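FYI, it's all coordinate maths here, none of it is from the lab. Since we're looking at a predicted model, the values are computed, not measured. Ideal geometry is used to build each Cβ from the backbone, glycine not excepted, and the neighbour counts take in all protein chains shown.
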Amino acid sequence: MITKLILGSAALLSGLMAANGIFMLVAPLDWYMAIPGVTTTGPFNQHFLRDIGLIFLFNSFAFAVGAAKPEYRRALWCSATLWLLVHALFHVWEVAVGICEPSALIRDFAAVSSPALVGVLLTLWAFGRPGLATKVSQGRFRRAT
């Protein structure tokens with residue numbers, strides 16, 4: 001039951017990140033204008049937004065493949081979560097040095113901090129479970145025929 005909840009959460013996170021990344025790639029100016037607070041962070045930069053859109057697509061792919069392929073889960077979820085976590089910490093740093101008001105952390109929580117927290121929880125869960133190599137070495141891995 002918990003495994004289904006975890007994998008469902010990874011799939012949901014993947015889907016949300018894919019939607020965001022595609023939006024950023026297809027309509028960067030619309031994304032820039034639609035997301036609360038973005039216009040206060042600097043001028044519109046189509047190239048930069050598309051770069052970040054690609055990162056969101058990569059992270060989406062990492063969570064989707066990790067959900068489907070347990071043997072790659074730890075590496076993929078860890079790398080995607082690392083970016084999400086550093087991104088969230090960057091937002092905290094901007095507040096700490098006075099670039100943004102503290103209210104930005106509240107405004108950005110759903111789109112910046114919560115994906116990082118979900119990624120951390122998913123990744124910790126993945127590292128708490130025996131890996132494929134352990135299952136194979138203990139004879140607990142059965143190939144479907």
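Calculated mean residue ellipticity, 222 nm, the chain: -25000 deg cm²/dmol, from DSSP H runs (n ≥ 4) at -39500 (n - 2.57) each, averaged per residue and rounded to 500. Of the residues Thr123, His91, Phe48, the one whose Cα sits farthest toward the positive end of the charge dipole of the chain, with +1 on the Cβ of Lys and Arg and -1 on the Cβ of Asp and Glu, is Thr123. The C-alpha atoms of the chain define a longest principal axis, and helix 46-68 lies at about 20 degrees to it. A Förster distance of 22 Å, applied to the separation of the beta-carbon atoms of Phe90 and Asp51, puts the FRET efficiency at 0.90.
Shape class for segment 2-137, computed from the alpha carbon gyration tensor (a ≥ b ≥ c): prolate, with a/c not under 1.5 and a/b above b/c. Helix 70-96 and the longest principal axis of the Cα set of the chain meet at an angle near 20°. For the chain, a Gaussian network of Cα nodes joined below 10 Å ranks Ile22, Ile52, Ile106 by mean-square fluctuation, and the top entry is Ile106. For the chain, the longest principal axis of the Cα atoms and the long axis of helix 2-26 meet at an angle of about 40 degrees.
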